[in-house]
Amino acid sequence: MVNVVITGGGGFLGSRLARELLAAGSLDVAGGGMRPLSRVTLIDRVAVPADLAADERVTAVRGDLDALLDPAAAGAGPLAGAEVIFHLAAAVSGECEADFDLGLRANLRATELLLASCRALGTRPVVAFASSLAVFGGCDEHPLPAVIDDHTWPTPQTSYGTQKVIGEQLLADYTRKGFLNGRAVRLMTISVRPGRPNAAATGFLSGIIREPLAGQRATCPVDPGTEVALASPPKAIAALWSAATSSDLAWGGRTAVTMPALTVTVADMAAALARIAGPEVSALIDWIPDPAVARMVSSWPARVNAGRAARLGLTPDPDFDSVIRTHLAESGA
């Protein structure tokens, strides 16, 4: 029997991951063979969706990680008995730039506390850490290459990216010491995210599709020619799933795996929306530049050669038309 914990389990990605785990009913932990899923513990500051709360296999724990976790408790608390821990809880990029202390608390100190608590379990759990493409960035001293690959050195240019790099390195060192089995996955910007907008700098990359499809206007703060690296929600889940299920040999080491990406321009996205929903829908996008957002987005890579991820069987979305169609099918729009 397998017990799983998801931090950020009430959010969009965490709740989707929980539903897929529950639907599967079993999990192959680190290549050790399929075993039945017995419990999924969802930790979040917000209430978990009603359908998950109603599942008898789900335990919902509400609160901040720094208040819930105590490494000195030696295995007690919400992580007790966990064999796989997905660490998704985080303050997003825009929040971290606006509130430096929030980013330190939510992304750095909470991760430190989580890893220390995993160590205290004494069972070497698998910890799948949601990192980000934002660990990469270009500056005068270290220009961003045209295409990043598995050997590109992280040089973050945002607080969020810096906090994610530190999390990756802490995870790797806890793994080196034998305290846990850590796997970091650098996720792409996810589009199209359902639900309400969030405070991520890249939130508009979902908003310019989601809101017009709902008959609402949306603002694009970057130039139409801006290239971005995207992944649909199913592709992001596949990357996290691989982190939990791959054998140590297949995973290939302690460094983070960068997931594959679909590279498109924002103009390509608007054109795909027009093809699928009509030009009157894409006309609901307002092109209003925001230099601060544009500067942040342009500091991140748009082209990825994800060799390690490909060897794990991960693939990018084929095109943005298919991404929109998947969103329409899943949202019932």
(request) Could you pull the Cα extents of the stretch 59-138 along its three principal axes, largest to smallest, in whole Å? (result) 40, 23, 22
(message) How large is log10 of I(q)/I(0) for the chain at q = 0.08 Å⁻¹ when the intensity is taken from the Debye formula with one equal scatterer per alpha-carbon?
(response) -0.35
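Looking at the stretch 140-230, which trypsin sites (Lys or Arg not before Pro) are in a loop (DSSP not H, G, I, E or B) and have at most 12 other Cβ atoms within 10 Å? Working shown, then result.
Details: sites: 164, 176, 177, 183, 186, 210, 217; in loops: 177, 217.
Those satisfying the criteria are 177, 217.
So between residue 100 and residue 153, what do we pick up on full extension, going 0.36 nm a residue minus the alpha carbon distance? Please report the intermediate quantities before stating the final value.
Working: separation 53, 0.36 × 53 = 19.08 nm, distance 2.38 nm.
My answer for the length gained is 16.7 nm.
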(message) Counting heavy atoms of the protein chains only and a 1.4 Å probe, report the per residue accessible area for the chain as a whole number of Å².
(response) 42
(request) Once every Cα of the stretch 107-218 carries one equal point scatterer and solvent is ignored, give the base-10 log of I(q)/I(0) from the Debye formula at q = 0.14, 0.20 Å⁻¹, two decimals. (result) -0.72, -1.05
(message) Over all directions, how big on average is the projection of the convex hull of the alpha-carbon atoms in the stretch 24-110, in square nanometres?
(response) 7.3
(message) Ranking request for peptides 149-159, 50-60: highest mean number of other beta-carbon atoms within 10 Å first, then the rest in descending order.
(response) 149-159, 50-60
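Excluding residue 211 itself, what net charge comes from residues whose Cβ is under 11 Å from its Cβ, given Lys and Arg +1 and Asp and Glu -1? Don't jump to the answer; show the numbers that get you there.
Working: positive: 196, 210, 217; negative: 286.
Net of charged neighbours comes to +2.
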(message) I need the Kirkwood Rh of the stretch 26-179: take the reciprocal of the average 1/r across all distinct C-alpha pairs and report it in angstrom.
(response) 17.2
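Based on Cβ point charges of +1 for Lys and Arg and -1 for Asp and Glu, what charge dipole magnitude is obtained for the chain about its Cα centre, in debye rounded to the nearest 20? Don't skip to the answer; put the middle values down first.
Values: 28 positive and 33 negative charges, 172 e Å.
Charge dipole, the chain, about its Cα centre: 820 debye, nearest 20.
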(message) Out of the total accessible area of the chain (probe 1.4 Å, heavy atoms of protein only), what percent is carbon and sulfur?
(response) 53
(message) Per residue, how big is the convex hull of the stretch 155-258 when only Cα atoms are used? Give it in Å³.
(response) 131
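On full extension of the chain, what length is gained from residue 303 through residue 20, given 0.36 nm per residue of separation minus the C-alpha to C-alpha distance? Present the calculation step by step, with values, prior to reporting the outcome.
Numbers: separation 283, 0.36 × 283 = 101.88 nm, distance 2.88 nm.
Contour length minus Cα-Cα distance gives 99.0 nm.
Relative to the Cα centre, what is the charge dipole magnitude of the stretch 189-333, using +1 at the beta carbon of each Lys and Arg, -1 at the beta carbon of each Asp and Glu, and rounding to the nearest 20 debye?
Details: 12 positive and 12 negative charges, 87 e Å.
About 420 debye.
Taking 0.36 nm per intervening residue step and subtracting the Cα-Cα distance, what contour gain separates residue 141 from residue 249 on full extension?
Values: separation 108, 0.36 × 108 = 38.88 nm, distance 3.55 nm.
Difference between extended and current length: 35.3 nm.
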(message) Given Cβ point charges of +1 (Lys, Arg) and -1 (Asp, Glu) and nothing else, what value in debye, to the nearest 20, does the dipole of the stretch 58-130 about its Cα centre take?
(response) 340
(request) Take residue 227, project a point 7 Å from its Cα along the Cβ direction, then tell me which residues of the stretch 285-313 have their backbone nitrogen under 16 Å from it. (result) 297-306
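The values are calculated or read from the model by the stated rules, or taken from the named source; none is laboratory data. Everything quoted here is computed from the prediction, not taken from an experiment. Neighbour counts are summed over all protein chains in view; Cβ atoms, including those assigned to glycine, are modelled from backbone coordinates with ideal geometry. What goes into the accessible areas is simple: the full protein's heavy atoms, side chains included, and nothing from ligands, DNA or RNA. Shrake-Rupley method; radii C 1.70, N 1.55, O 1.52, S 1.80 Å.
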